[in-house]
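The values are calculated or read from the model by the stated rules, or taken from the named source; none is laboratory data. Remember, it's a predicted structure, so these values are computed and weren't measured experimentally. Quick reminder, even Gly has a Cβ in these numbers, built from the backbone with ideal geometry, and neighbours come from all protein chains shown.
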Amino acid sequence: MTFVSKYTKKITPTFIIVGLVGALIIAGSIWGYKKYSIYSEEKAQKVFADCMHEYTSVKAGQGSWATVDQLCSLGYNNHRGTAIAPYFLALQADSAIAQNKKGEALALLDIILKELSSSSPLYPVYATKRALLALDTSATEAEGLQQLEKLAFDKQNQQRDVALYYLGLYHWSHDALEQAKKVWQELIDMQKGQKVQSPWAARAQEKIQ
């Protein structure tokens, strides 16, 4: 008796039924999870839309940042685990910046960067924003400069042009003009052969001229 024939004899109708029931239960669980996941995302998006509405209202001079903070905090806490969760914190960080609460904004951006995938196209956007915010505070200026330099010279960074522009601007604002020109020239040279030119390279060109 071969190995195959020996063990195929054990596959009785009862065994097959049990196996099918198990497979159906697993399939049902997966389907149920996907349905719940879709429902959770839709619900989170609706709440985020409310937060965004309040945010834009305050930017237009109506409402209060305190309301934005409260709505975004509730939205994040009630919808953790959804894809949109970090963006509640992004609005809240902007609110903190508007209120000159830089320490709070830095802490929120740290959470965003932990929760976002490093492969997300928005990851370097928030990383640059954090670096610039750190630069704007004397206690964290050195840390911010280090982060900005890392982003500016990372050739894998899809938002490298933004980081290069602001790194040059940092040197320019500290009267290190040659260093600023060197950084901006790298940004300009980076655009050679590109079909779509970066607006940040155009700004850098204006500064050099």
Legend entry - Flag for Q156 being modelled with pLDDT under 95, under 17 Å from the mean Cα position of the chain (by Cα), over 27 Å from S73 (Cβ atoms) and surrounded by fewer than 18 Cβ atoms within 10 Å (Cβ to Cβ): yes
Legend entry - Residue tally, condition in contact with a Leu (Cβ under 7 Å, 6 or more places away or on another chain) and of a type in the set (G, A, S), over the stretch 181-209: 2
Inset, instruction - Could you list, in sequence order, all residues of the stretch 156-205 that are more than 18 Å from K129 (Cα to Cα) and among the β-branched types (V, I, T)? - result: V183, I188, V196
Inset, instruction - Go through the residues of the stretch 118-133 one by one and say whether even a single one is under 11 Å from P86 (Cβ atoms) and either in contact with a helix residue (DSSP H, G or I) (Cβ under 6 Å, 6 or more places away or on another chain) or among the basic types (K, R) (or both). - result: yes
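One line per residue, one yes/no per condition, for (1) aromatic (F, W, Y); (2) over 22 Å from E54 (Cα atoms); (3) free of Cβ contacts under 8 Å to residues at least 12 places away in the same chain:
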{"site": "E104", "(1), (2), (3)": "no, no, yes"}
{"site": "S117", "(1), (2), (3)": "no, yes, yes"}
{"site": "P121", "(1), (2), (3)": "no, yes, no"}
{"site": "V125", "(1), (2), (3)": "no, yes, no"}
{"site": "T128", "(1), (2), (3)": "no, yes, no"}
{"site": "L133", "(1), (2), (3)": "no, yes, no"}
{"site": "E141", "(1), (2), (3)": "no, yes, yes"}
{"site": "G144", "(1), (2), (3)": "no, yes, no"}
{"site": "A152", "(1), (2), (3)": "no, yes, no"}
Legend entry - Matching option when the condition is surrounded by fewer than 17 Cβ atoms within 10 Å (Cβ to Cβ), in contact with a helix residue (DSSP H, G or I) (Cβ under 6 Å, 6 or more places away or on another chain), not hydroxyl-bearing (S, T, Y) and not assigned by TED's automatic domain parsing to the domain that holds A96, among Q185, Q146, Q179: Q179
Inset, instruction - Sort out which residues of the stretch 81-98 are more than 18 Å from P124 (Cα to Cα) and either small (G, A, S) or not assigned by TED's automatic domain parsing to the domain that holds T56 (or both), and write them in order of number. - result: G81, S95, A96, A98
Legend entry - Extreme residue, modelled with the lowest pLDDT, among residues of the stretch 33-50 that are under 19 Å from the mean Cα position of the chain (by Cα) and of a type in the set (G, A, S): A44
Inset, instruction - State whether the residues of the stretch 159-171 include one that is surrounded by fewer than 13 Cβ atoms within 10 Å (Cβ to Cβ) and either in contact with a helix residue (DSSP H, G or I) (Cβ under 7 Å, 6 or more places away or on another chain) or not assigned by TED's automatic domain parsing to the domain that holds G63 (or both). - result: no
